[in-house]
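K.L.:
Dumping the structure here so I can ask a few things about it.
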Amino acid sequence: MFSSSRFTIQKKCCIFAKKSIMNDKLLNRFLRYVSINTQSNPDSKNVPSTPSQLAFAKMLADELRNIGLENVSVDKHGIVMGFVASNTEKEVPAIGFIAHLDTSPAACGKCNPQIINQYDGKDIIIDKANNILLDTKTYPELLQYIGQTIIHTDGSSLLGADDKAGIAEIITAMEYIVNHPEIPHGKIAVAFTPDEEIGTGIDYFDVEKFGTKYAYTLDGGQLGELEYENFNAAKATIHIEGIDIHPGDAKGKMINSQLIAMELEAMLPKNEKPELTSGYEGFFLLTDIQGNIEKTQMEYLIREHDTAKFEAKKQFIQNTAQQLQENYPLANINCTVTDQYRNMREKIEEVFFIISIAEKAMIEADIIPMKVPIRGGTDGAKLSFKGLPCPNLFTGGHNFHGKREFIVLESMEKASQTIVNIIKEFGKSLTVYASALPAGMYLYTLVVDNQIIDTKRMILTK
Ligand SMILES: [Zn+2]
């Protein structure tokens with residue numbers, strides 16, 4: 001079913017030729033989507049957290065129907081699903097693609113996008129009056145896009161490439177697949193989900209209805225990003241109760257809870273802070289501290305890719321609180337650690353061929369895959385633990401969640417190409433020559449990259 005031959009890097013002509021109709025369609029879709037404000041709202045108790053997400057979901061559903069997807073639905077939470085039926089008699093696994101339809105609450109979500117054709121490599125002035133610019137000294141990655149098409153904001157909002165680029169790329173790839181029935185493929189499922197940015201929408205995702213064993217989210221950054229590792233995450237809440245008394249009579253009696261809090265922070269590893277770590281290095285982050293002499297409350301985030309190190313970090317903060325309790329027996333120190341999300345890597349490792357397929361699909365599209373650990377969480381991580389292993393692919397965007405967000409049209413085109421190539425790769429079928437075998441019942445197992453993907457029964461009659 002899948003070829004496990006070595007991957008070779010070779011120049012191939014793009015399936016979407018430069019300045020193609022496909023390119024125009026991607027651009028038009030993207031510009032339309034980012035002009036609609038679908039910002040999520042962390043203060044809302046509803047899913048979707050804003051009514052505009054539901055309206056956008058219905059618009060996307062109509063668009064999927066118009067290009068020929070089947071069984072398109074929008075549920076009450078604004079989750080859009082649509083399907084392309086298998087067009088081959090052969091047994092080919094179903095595959096899914098997912099993007100989120102909200103934008104971050106960090107900045108205004110209604111964008112007036114600006115386009116630079118054939119970028120010349122100079123600093124990009126976004127908003128002169130407010131001194132918002134993309135200078136090549138701070139953002140040297142711009143220089144790799146000389147001659148390409150850059151889309152940025154007018155400085156009043158974020159762009160919304162996160163994740164409307166993912167939506168535009170998936171829909172454009174689906175249109176290509178529907179219009180090219182000569183490409184054999186299995187069932188393809190597509191979903192667009194609300195409230196990713198506030199971490200609530202994916203809880204309502206119906207994995208069974210989606211009906212695939214694996215999927216990819218399109219929610220990554222620059223060209224070539226392929227992500228299947230994210231942080232293990234927990235939060236720690238520490239309550240410290242001291243003893244307040246008139247300072248004149250305090251000797252031997254006062255216990256200042258704020259000073260114990262400061263001691264606790266000082267006992268944590270000094271170099272394990274977000275501003276001092278990168279890559280696979282984890283951290284403790286004090287996100288909130290409020291207190292007076294009598295009572296202090298601290299909130300920490302604990303982040304680590306490696307599970308053993310993660311457990312050790314959780315234990316460390318608890319031991320530290322315990323140690324302080326022993327040092328101050330008249331104080332009352334309470335530390336509660338709560339898990340938030342887990343690293344999807346262990347779930348992806350069980351089906352690692354989906355990473356190999358994504359790498360192959362990128363190389364076929366002339367892209368060098370970059371496997372990078374996510375220093376955060378994704379919807380894909382939650383889906384992986386709901387039974388749908390779900391690595392993340394690039395969209396082509398940079399500087400998400402702010403006014404300096406930008407995207408490169410040529411990278412978006414490569415993302416659509418990668419989706420099509422993944423579908424082609426999954427669609428490759430295996431032929432079994434059974435004429436030399438005696439009649440009987442056989443069990444055959446598909447093994448790719450030393451992993452068992454599926455076992456089927458075959459009855460051979462003569
Ligand atoms: Zn996103």
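The values are calculated or read from the model by the stated rules, or taken from the named source; none is laboratory data. Note that the structure is predicted; figures quoted are calculated from it, not measured. Neighbour counts are summed over all protein chains in view; Cβ atoms, including those assigned to glycine, are modelled from backbone coordinates with ideal geometry.
K.L.:
Looking at the range 145-183, which of the residues that are under 26 Å from Lys424 (Cα atoms) and assigned to a loop (DSSP other than H, G, I, E, B) is farthest from the ligand (Cβ to nearest atom)?
P.N.:
Glu182
K.L.:
Condition check: within 16 Å of the ligand (Cβ to nearest atom) and either touching a strand residue (DSSP E or B) at 6+ places or on another chain (Cβ under 7 Å) or closer than 16 Å to Ile419 by Cα (or both). Does Glu196 satisfy that?
P.N.:
Details: within 16 Å of the ligand (Cβ to nearest atom): yes; either touching a strand residue (DSSP E or B) at 6+ places or on another chain (Cβ under 7 Å) or closer than 16 Å to Ile419 by Cα (or both): yes.
Judged against the criteria, Glu196 is a match.
K.L.:
Of (1) away from the ligand (no atom under 16 Å from the Cβ); (2) among the acidic types (Asp, Glu); (3) surrounded by 17 or more Cβ atoms within 10 Å (Cβ to Cβ), Asp102 satisfies all except one. Which?
P.N.:
Checking Asp102 against (1) away from the ligand (no atom under 16 Å from the Cβ); (2) among the acidic types (Asp, Glu); (3) surrounded by 17 or more Cβ atoms within 10 Å (Cβ to Cβ), the one that fails is (1).
K.L.:
Looking only at the range 342-355, which residues are part of a helix (DSSP H, G or I) and surrounded by fewer than 17 Cβ atoms within 10 Å (Cβ to Cβ)?
P.N.:
Result: Glu346, Glu349.
K.L.:
Could you tell me whether any residue of the range 133-144 is closer than 19 Å to Leu26 by Cα, at pLDDT 95 or above and either within 16 Å of the ligand (Cβ to nearest atom) or surrounded by fewer than 20 Cβ atoms within 10 Å (Cβ to Cβ) (or both)?
P.N.:
At the first step, the residues of the range 133-144 found to be closer than 19 Å to Leu26 by Cα are none.
Scanning the range 133-144, I find no residue that is closer than 19 Å to Leu26 by Cα, at pLDDT 95 or above and either within 16 Å of the ligand (Cβ to nearest atom) or surrounded by fewer than 20 Cβ atoms within 10 Å (Cβ to Cβ) (or both), so the answer is no.
K.L.:
Does the range 229-242 include one or more residues that are within 30 Å of Asn292 (Cβ to Cβ), of a type in the set (Val, Ile, Thr) and surrounded by fewer than 18 Cβ atoms within 10 Å (Cβ to Cβ)?
P.N.:
Looking for residues that are within 30 Å of Asn292 (Cβ to Cβ), of a type in the set (Val, Ile, Thr) and surrounded by fewer than 18 Cβ atoms within 10 Å (Cβ to Cβ), one finds at least one in the range 229-242, hence yes.
K.L.:
Same structure again: Give the residues of the range 371-410 that are modelled with pLDDT of 95 or more and of a type in the set (Val, Ile, Thr), sorted by residue number.
P.N.:
Passing the criteria: Thr395, Ile407, Val408.
K.L.:
What pairs come out if I take residues in the range 182-210 that are closer than 22 Å to Glu169 by Cα and not assigned by TED's automatic domain parsing to the domain that holds His100 and pair them with residues that are more than 12 Å from the ligand (Cβ to nearest atom) and modelled with pLDDT of 95 or more whose C-beta lies under 6 Å away, six or more apart or interchain?
P.N.:
That search, which allows pairs on different chains as well, returns nothing.
K.L.:
Whether any residue in the range 141-164 is over 30 Å from Met298 (Cα atoms), of a type in the set (Phe, Trp, Tyr) and touching a helix residue (DSSP H, G or I) at 6+ places or on another chain (Cβ under 6 Å) is what I want to check. Spell out how you get there, then give the answer.
P.N.:
We begin by selecting, within the range 141-164, every residue over 30 Å from Met298 (Cα atoms); these are 141-164.
Checking the rest, the ones that are also of a type in the set (Phe, Trp, Tyr) come to 145.
Filter once more, so that each one left must be touching a helix residue (DSSP H, G or I) at 6+ places or on another chain (Cβ under 6 Å): none.
Scanning the range 141-164, I find no residue that is over 30 Å from Met298 (Cα atoms), of a type in the set (Phe, Trp, Tyr) and touching a helix residue (DSSP H, G or I) at 6+ places or on another chain (Cβ under 6 Å), so the answer is no.
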